[in-house]
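The values are calculated or read from the model by the stated rules, or taken from the named source; none is laboratory data. As the structure is a computational prediction, the values presented were derived from the model and not from experiment. Every residue, glycine as well, gets a Cβ built from its backbone with ideal geometry; the counts of neighbours run over all protein chains shown. Remember, those area values only see protein heavy atoms, side chains included, never the ligands or the DNA or RNA. Shrake-Rupley method; radii C 1.70, N 1.55, O 1.52, S 1.80 Å.
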Amino acid sequence: SSLLQDIRNTVGNIPMEWYQDFPHVGYDLDGKKIYKPIRNKDELDMFLEKMENPDYWRTVQDKMTGADVKLTDEQVELVHRLQRGQFGDVNFNPYEPAVDFFTHEVMIHPVTNRPADKRSFIPSLIEKEKVSKLVHAIKMGWIKPRKPKDDTPTYYDLWAHEDPNSILGRHKMHVPAPKMKLPGHEESYNPPPEYLLSEEEKLAWEQQDPAERRLDLVPQRFRCLRAVPAYPRFIHERFERCLDLYLCPRQRKMRVNVDPEDLIPKLPKPRDLQPFPTTQALVYRGHTSLVRCLSVSPSGQWLVSGSDDGTVRFWEVCTARCMKTLPMGGVVKSVAWNPNPTICLVAICVEQEVLLVNPCLGDKLLYGATDQLLESYEAPEEERVQPVQWATANAEERGKGVRLRIQHSKALKQVTWHGKGDYFATVVSDNSNMQVLVHQTSKRWSQNPFRKSKGLVQCVLFHPIRPYFFVATQRYVRVYNLLKQELTKKLMANCKWVSSMAIHPGGDNIICGSYDSKLAWFDLDLSTRPYQLLRHHKKALRSVAFHKHYPLFASGSDDGTVIVCHGMVYNDLLQNPLLVPVKVLKGHVQTLDLGVLDVIFHPTQPWVFSSGADGTVRLYT
């Protein structure tokens, strides 16, 4: 009625949660919004209402309108009936007697008297067509007959169809276990007599480590098979075999198929790199002890050698004739011929002195001009303090050829000339800052270039073109700029003890020999570490040398050989030097564990001289 304001919600049968975020719950018959009743009760109000309102238990909320509805007695009764599992209608009787629509007795008259259809006794054409299609499909093999069920048990032998050569599906890298070695004659109960061990062999076998033994058991002889006792190590060996089988990690190593020829660097053939020395041409005999040092005149006509027998000998290169012998009264450690072709002068290190000798060989004008040059010296007015003493030779020494003596404080190791021929440097066996001294012949003036010692100096060198000075200590080669008076580079030789050093005539590459039988090639523009380390010799290297004009360098070693290498340096800075060993020159006999002590190239020809501990000098051409 209009008094009760019958509010009908027209939204239909939908989930009412869709409206939970809106202020209304749907629309009435006029299409106006039905607003939710204001609910501002909290938990306390709800509890009070529950306590005070007697109809609280029969009040439910209508979800469609959001209003509270109080159930009538009939509705409460209906709810109770449904909860007990009874029918909702009070008046419905579920146990009424059933009514038979048909009698249970069979009657003789049918209910209907329609005649039977014709199709009920004529074969069906549609079925015939279906059957013919199926028959055709079976004939063509499109329909397969059902396979009869196999009643065999489902367990099977895991390894029955195992192909020994196939790689297992699960283990792609499966490697079959190695087979045991089959027993040989020595494991027989009646081995041949040569397999039985003697007493000494048996003793040696027992003292050996089990891992080193060739046989695992001592062969024994029994008269028949019945007399053979049980094998005591049987369980051990079975157990070890089991360990081998399951603990040994078997892995297939994938071999990279590389042609071994590709790994060897492609080097040119030595015959394409000729000329280089190949054969021993001359032997210069005369010294009675080891020949320590060699030097060649700039013309290439004369050779000077210094020996432990206390003599210096001058030889003619082409004939091996000894032109002169100068007794020095001590071991000759180093000789150096002045590289200036207009001066005929040789520096010789003997104990604590450097002797400047005019050998008076060859062109008379040349050695006469040298004497005039030395005599033209005028002493300065005031005496300068020098680390050494310069002295002119007396008449007896002048007869031998000695012109000047430079007296040092300690024993000398090496002397080397500057390319212009006026300056020379000496190395003293000392650990102080006085190890290296530089001398000027024309002014008879010496100086010590270093303020403090940087280690034990082995040898020194002047740069052939630029004002650089190389000082080799045990492990490093330091390069000093003489104009700026500063250290330019420090090269690391990567070896234990540098023995000798030589510089390429171009000035950008140096080689260092060392006592741990390595030869280091440095490219000064490239790095402070060796461009290449050559390990061609078996023993310590004593000397290395570059040729002035040909791309050749040589190294002499205690193994008695001289190895000649082709060392091409290109003008193109991007191209690396080409180093190819071309010839091993033999000839020197090892004496007192020493072989070749010095090597030097001829200034113009592709020839090499070597001096050895056997007291000979040899020329290879």
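Would you calculate a helix-derived [θ] at 222 nm for the chain, using -39,500 (n - 2.57) for each DSSP H run of n ≥ 4 and dividing by the full residue count, to the nearest 500? Display every interim value, and only then the final one.
Values: 8 runs with 82 residues, N = 621.
Taken over the chain, the calculation gives -4000 deg cm²/dmol.
Probe of 1.4 angstrom, ligands and nucleic acids ignored: what's the accessible area per residue over the chain, in square angstrom?
On the way: 42270 Å² over 621 residues.
Per-residue accessible area for the chain comes out at 68 Å².
Quick one: order ILE343, ILE510 from most to least accessible surface, probe 1.4 Å.
On the way: ILE343 25, ILE510 0 Å².
Sorted descending by solvent-accessible area, the residues read ILE343, ILE510.
Which of the residue pairs LYS420/LYS489; LYS324/LYS539; LYS413/LYS443 have a Cα-Cα distance greater than 30 Å in the structure shown? Can you show the working numbers first?
Working: LYS420/LYS489 24 Å; LYS324/LYS539 34 Å; LYS413/LYS443 23 Å.
In this structure, LYS324/LYS539 exceed 30 Å between Cα atoms.
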10 Å-binned pair-distance histogram of region 499-621 (Cα, whole percent):
14, 48, 30, 7, 1
Under a 1.4 Å probe, counting only protein heavy atoms, HIS236 has an accessible area in Å², nearest 10, of 100
What is the set of long-range amide H partners of SER334 at a cut-off below 5 Å, with H atoms built 1.01 Å from backbone N?
CYS349
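Counting other Cβ atoms within 10 Å, which chymotrypsin sites (Phe, Trp or Tyr not before Pro) in region 524-621 have at most 13 and lie in a DSSP loop? Mind dumping the intermediate values first?
Details: sites: TYR531, PHE546, PHE553, TYR570, PHE601, TRP607, PHE609, TYR620; in loops: TYR531, TYR570, TRP607.
Passing both the DSSP loop test and the Cβ count: TYR570.
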Phi-derived 3J(HN,Hα) across region 214-220 with the Karplus relation (6.51, -1.76, 1.60, θ = phi - 60°), rounded Hz, x for Gly and Pro, is 6, 10, 7, 9, 8, x, 10
Picking from PRO37, TRP521, MET492, whose Cα lies most toward the positive end of the charge dipole for the chain (charges on Cβ: Lys, Arg +1; Asp, Glu -1)?
TRP521
Could you order PHE450, PHE314 so the one with the most accessible surface comes first? Probe is 1.4 Å.
PHE450, PHE314
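With +1 on the Cβ of every Lys and Arg and -1 on the Cβ of every Asp and Glu, and nothing else charged, how large is the dipole of the chain about its Cα centre, in debye rounded to the nearest 20? Intermediate values should be presented prior to the final figure.
Details: 80 positive and 72 negative charges, 594 e Å.
For the chain, the charge dipole is close to 2860 debye.
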Here the tail fraction of P(r) beyond 20 Å, over all Cα-Cα pairs of region 1-81, rounds in percent to 48
For ASP525, placing the label point 7 angstrom along Cα-to-beta-carbon and taking region 498-514, residues whose amide nitrogen sits under 19 Å are 503-511
Relative to the longest principal Cα axis of the chain, at what angle does helix 234-247 sit, 0 to 90 degrees, rounded to 10?
80
Lys and Arg at +1, Asp and Glu at -1: add these up for the other residues within a Cβ distance under 13 Å of SER517 and post the number.
+3
With every protein chain in place, the accessible area of THR319 for a 1.4 Å probe, in Å² rounded to the nearest 10, comes to 80
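How much net charge surrounds GLY506 when only other residues with a Cβ under 14 Å from its Cβ are counted (Lys, Arg +1; Asp, Glu -1)? Before the final figure, lay out each step's value.
Values: positive: ARG466, LYS548; negative: ASP508, ASP523, ASP525, ASP572.
That sum, taken over residues with Cβ under 14 Å, equals -2.
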What is the Cα centroid distance between region 93-124 and region 516-586, reported in whole angstrom?
123
Taking Lys and Arg as +1 and Asp and Glu as -1, residues besides SER299 with C-beta under 13 Å from its C-beta add up to -1
LYS364 versus TYR27: modelled label distance in nm, points set 7 Å from Cα along the beta carbon direction:
14.4
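Compute the length gained on full extension between ARG226 and THR72: take 0.36 nm times their separation in residues and subtract their Cα-Cα distance, giving the result in nm to one decimal.
On the way: separation 154, 0.36 × 154 = 55.44 nm, distance 11.14 nm.
Length gained, ARG226 through THR72: 44.3 nm.
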Determine, for each peptide in 141-154, 32-45, the mean count of other beta carbons within 10 angstrom over its residues, then list the peptides with the highest first.
32-45, 141-154
Using the Karplus curve 6.51 cos²θ - 1.76 cosθ + 1.60 with θ = phi - 60°, what ³J(HN,Hα) values do you get for each residue of region 117-134, in whole Hz, with x for Gly and Pro?
5, 5, 5, 6, 10, 10, x, 7, 6, 5, 5, 4, 5, 4, 5, 5, 5, 4
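Can you give the FRET efficiency to the nearest 0.05 for ARG285 and THR604, using r as the Cβ-Cβ distance and R₀ = 22 Å? Walk me through the numbers before you get to the answer.
Working: r = 25 Å, r/R0 = 1.13.
Once the sixth-power term is evaluated, E becomes 0.35.
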Note down the nm distance, to one decimal, between modelled labels 7 Å out along Cα→Cβ at ASP117 and at ARG255.
8.4
Integer Hz, Karplus 6.51/-1.76/1.60 couplings in order for region 358-371, x for Gly and Pro
9, x, 6, 10, x, 5, 5, 4, 5, 6, x, 5, 4, 4
Over the Cα atoms, compute the radius of gyration (one decimal) and Dmax (the largest Cα-Cα distance, rounded to a whole number) for region 347-416, in Å.
13.4, 38
Mind checking the angle between helix 73-83 and the chain's longest principal axis? C-alpha axes, 0 to 90 degrees, to the nearest 10.
60
Pull up all non-local amide H partners of ALA67: gap of 5 or more, or a different chain, and H-to-H distance under 5 Å with H placed in the peptide plane.
ASP62
Across all Cα atoms of the chain, Rg and the largest Cα-Cα distance (Dmax), in Å, are 57.4, 177
Tell me which of LEU225, LEU282, LEU247 sits at the most positive position along the dipole axis of region 210-328, charges placed on C-beta atoms (Lys, Arg +1; Asp, Glu -1).
LEU225
Quick check: with the 1.4 Å probe, what order do ARG8, ARG271, ARG58 take by accessible area, largest first?
ARG271, ARG8, ARG58
At 1.4 Å probe size, with no ligands or nucleic acids counted, give the accessible surface of VAL135 in Å², nearest ten.
70
What's the ranking of 424-437, 395-408 by average number of surrounding C-beta atoms within 10 Å, highest first?
424-437, 395-408
